[in-house]
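Here's the structure, in C-alpha cells; my notes come after.
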C-alpha cells in the first residue's frame, strides 16, 4: 500500500471503513497501481480478501505485493486470500464436465449469459465462517478488471447485476467492501463500457480516477488522480467532495503532490 | 426569460464544469446556492386539479439525485400521503436513513435490492421479478392520495424493454381514471429517479414525455443546481378542427370535372388498348421512315459498308 494515498483517502489499515464500494478507473494510462495498493492495504488490514484476477498471473501480483510488503503466497496458504487466477482457470472451463459449475462458466455459453456462477464463487469464498470468533476483520472483494468481461462477451447489464449482487451480499449483509477496476475507453465510442462505468459510478461510495496528463507523457509526472466521495451518510458534512492530485510511480512507492508542485519542477 | 419553450422553467443559463467521468454528457445548467435538500419549492409538486402528477429527477454521477427524491418523498409523507417505494438500488435501511419515525411509518418499501433476479432462490425475492413488482403497484387498491417512488427508473430501463416500461408507467399514472368512483382528491403522484448518462436519447425522450415535471441536477464549481421543467397539462379539444375549412383555394371537384378526371388515360399507363395499338400497327398509323442523303465523302458500298474505315 502507498502511505501517501492512505493519507489522501484518510484511512489506515487499522481503521477500515466498511460497507463501501470503491470504483477504480483509468483513462489513457494504467491504473493497476491502484489495484496493487488496495490488495496490499486490505491484506495488511487483516481482512479476508477474494481477488478475482482476470488480467495478470498470480506471480505478477505476488512480485508487486512483495515490494509493497505483503506475501500473497503466505496469505493464500493461511486462508486470508482466495485467489481466482482467470488466465489459468479459464482453460479449465473447457476440460471439465459441464455439470460442475465453474466461476467462469460464461466463457462456455454461446449467448452472453449472466455472472451468477462467479457471484456464487465469491459468496462461497467470503461467507463468514460458522465458528463464533471472526478470524478476519471484514470480507473484501477485489476485481481486476471488469472491462475485460465485456471483451469476453458478457453484457454491461450482466456485469452491473453481478456487482449489484456483490454489493448486496458483501457490502450490505456482511459489512465488507468491494473494489473494482474499470477502464475508460475515452474517445473510442464504446457504449457498453460507458454504461458499465457510469452505472458503477452511481453505485459507488468512492471513485478514484487515474488519468494521463492532457499534455502527454512526462518523466516526472506520470498522471493525475481524481478522487470523488459520494453517498456519504451525513449529507450536511462539509467534506471536500472532489480532489485532484498528480502522481509519480516509483519502484516501491507512489508519490502524490498537488497539481504543478512536482519536486522536479519546483 | 426561459428560452426552451416551457413556462415555469427556472433556468438561468450559465457555464457548467466538466462532468467527473469523461467529457461533458449532460445539459448545461443554472446556478443556485447549494442548500441541504430538505425543503423543496412548491413548483415541483403537481398542479392541483391535474389528473396525475408525475415527476422525474435526472442526476449524474457527480451530482446525485437520491437526496432530492427523498426530499420529495418526505414532502408527500408530511402531506399525509402514503408512499410506496420500489427500491432497486439501495437497501431498505439505507433508504430509510434520515427520515424520522413519523415519516418512516408512511413509507412502504418494496425491496428489489436484495434479490431482484432470484439468484438466491430462497423464496424471499419479490415474485415475478421487476415487471411484476411494478405491475403490482398499479393494482394496489388502498384509498387516499398516494405517491409512488421509483428508485430507480434507470435500473428498470436497463432490465425491462423501454416500451413495456413506458406502458406500465402510463398505466400507473392514469390509475385513478380506472376507478369508477374516484374523487378529485385522490391523486396518484409518481416520482422517478433517472441516471442520465446511462441511456440514449430515445429512451430518455420517451420517459420525458411521460413526466409532467422534470428536475435535472447538475452543478458548477462545487455548487449543486437544479433545472426544473414543468409541462402545463394539455387541454384536450372536444372536437377536431377541420383543417380544410377556410382555404384560399378550391379542393372540391364539380361533377363534370370528376367525370373528365376519371376518363383520362394517362400517357404512361399501359392499358390493353395501348398494347394492341403497339402490336398491330393499323391503317392510317404513320410508320417511321429514315431519309438518308449521302454526301460527296460517303462511300456507299453495300458489300463492305466499313470500307471507308482505315483499319
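The values are calculated or read from the model by the stated rules, or taken from the named source; none is laboratory data. Keep in mind that this is a model prediction, so the values were computed, not measured. Neighbour counts run over all protein chains shown; Cβ positions are idealised from the backbone, glycine included.
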Worksheet entry | Failed criterion for residue A:139 (all others in (1) over 27 Å from residue B:67 (Cα atoms); (2) buried (at least 19 other Cβ atoms within 10 Å of the Cβ); (3) within 14 Å of chain B (Cβ to nearest Cβ); (4) in contact with a helix residue (DSSP H, G or I) (Cβ under 6 Å, 6 or more places away or on another chain) hold) | (3)
Worksheet item: Do you know which residues across the range A:172-199 are at the interface with another protein chain (Cβ under 9 Å from one of its Cβ atoms) and under 14 Å from the mean Cα position of the chain (by Cα)?
Response: A:197
Practice prompt. Return a yes/no flag: does the range B:106-129 have any residue that is away from chain A (no Cβ under 14 Å), more than 22 Å from residue A:173 (Cα to Cα) and part of a helix (DSSP H, G or I).
Written response: no
Worksheet, complete the sentence: residue A:16: passes all of (1) closer than 24 Å to residue A:79 by Cα; (2) crowded, with 23+ Cβ neighbours inside 10 Å but (2)
Item to complete: For residue B:80, work out the one condition from (1) outside any helix (DSSP H, G or I); (2) more than 14 Å from chain A (Cβ to nearest Cβ); (3) touching a strand residue (DSSP E or B) at 6+ places or on another chain (Cβ under 8 Å) it doesn't fulfil.
Response: (3)
Practice prompt. Just give me the residues in the range A:21-31 being within 9 Å of the chain's Cα centre (by Cα) and either surrounded by fewer than 21 Cβ atoms within 10 Å (Cβ to Cβ) or away from chain B (no Cβ under 13 Å) (or both), in sequence order.
Written response: A:22
Worksheet entry | Output for the range B:90-109, where each listed residue is touching a residue at least 24 places away in the same chain (Cβ under 8 Å) and in contact with a helix residue (DSSP H, G or I) (Cβ under 6 Å, 6 or more places away or on another chain) | B:103, B:106, B:109
Response to the item:
Scanning the range A:106-123 residue by residue, those within 13 Å of chain B (Cβ to nearest Cβ) and either assigned to a helix (DSSP H, G or I) or modelled with pLDDT of 95 or more (or both) turn out to be A:116, A:117, A:118, A:119, A:120, A:121, A:122, A:123
Worksheet item: Going through the range B:93-105 one residue at a time, which ones are surrounded by fewer than 16 Cβ atoms within 10 Å (Cβ to Cβ) and either within 30 Å of the chain's Cα centre (by Cα) or not in a loop (DSSP other than H, G, I, E, B) (or both)?
Response: B:93, B:101, B:102, B:104
Item to complete: Could you grab me the full set of residues in the range B:254-279 that are loosely packed, with under 10 Cβ neighbours inside 10 Å and part of a loop (DSSP other than H, G, I, E, B)?
Response: B:254, B:263, B:264, B:265, B:266, B:267, B:268, B:269, B:270
Discussion item. Considering only the range A:52-64, I want to know if a residue exists there that is touching a residue at least 40 places away in the same chain (Cβ under 8 Å), farther than 30 Å from residue A:187 by Cβ, under 13 Å from the mean Cα position of the chain (by Cα) and crowded, with 19+ Cβ neighbours inside 10 Å.
Written reply: no
Worksheet entry | Tally, over the range A:205-224, of residues that are out of contact with any helix residue (DSSP H, G or I) (no Cβ under 7 Å at 6 or more places or on another chain), closer than 28 Å to residue A:124 by Cα and within 8 Å of another protein chain (Cβ to nearest Cβ) | 0
Worksheet, complete the sentence: (1) over 25 Å from residue A:39 (Cα atoms); (2) within 14 Å of chain B (Cβ to nearest Cβ); (3) in contact with a helix residue (DSSP H, G or I) (Cβ under 7 Å, 6 or more places away or on another chain); (4) touching a residue at least 40 places away in the same chain (Cβ under 8 Å) all hold for residue A:101 apart from (4)
Discussion item. Of everything in the range B:106-142, what is at pLDDT below 85, over 28 Å from the mean Cα position of the chain (by Cα) and at positive phi? Give them in sequence order.
Written reply: B:121, B:123
Discussion item. Name the residue that is nearest to residue A:53 (Cα to Cα), counting only residues in the range A:150-176 that are touching a residue at least 60 places away in the same chain (Cβ under 8 Å) and in contact with a helix residue (DSSP H, G or I) (Cβ under 7 Å, 6 or more places away or on another chain).
Written reply: A:163
Discussion item. Would you confirm, using the coordinates I've provided, whether residue A:154 is in a loop (DSSP other than H, G, I, E, B) and either within 12 Å of another protein chain (Cβ to nearest Cβ) or crowded, with 19+ Cβ neighbours inside 10 Å (or both)?
Written reply: yes
Response to the item:
From the option list A:68, A:39, A:81, single residue qualifying as within 27 Å of residue A:150 (Cβ to Cβ), surrounded by 15 or more Cβ atoms within 10 Å (Cβ to Cβ) and in contact (Cβ under 8 Å) with a residue 40 or more places away in the chain is A:39
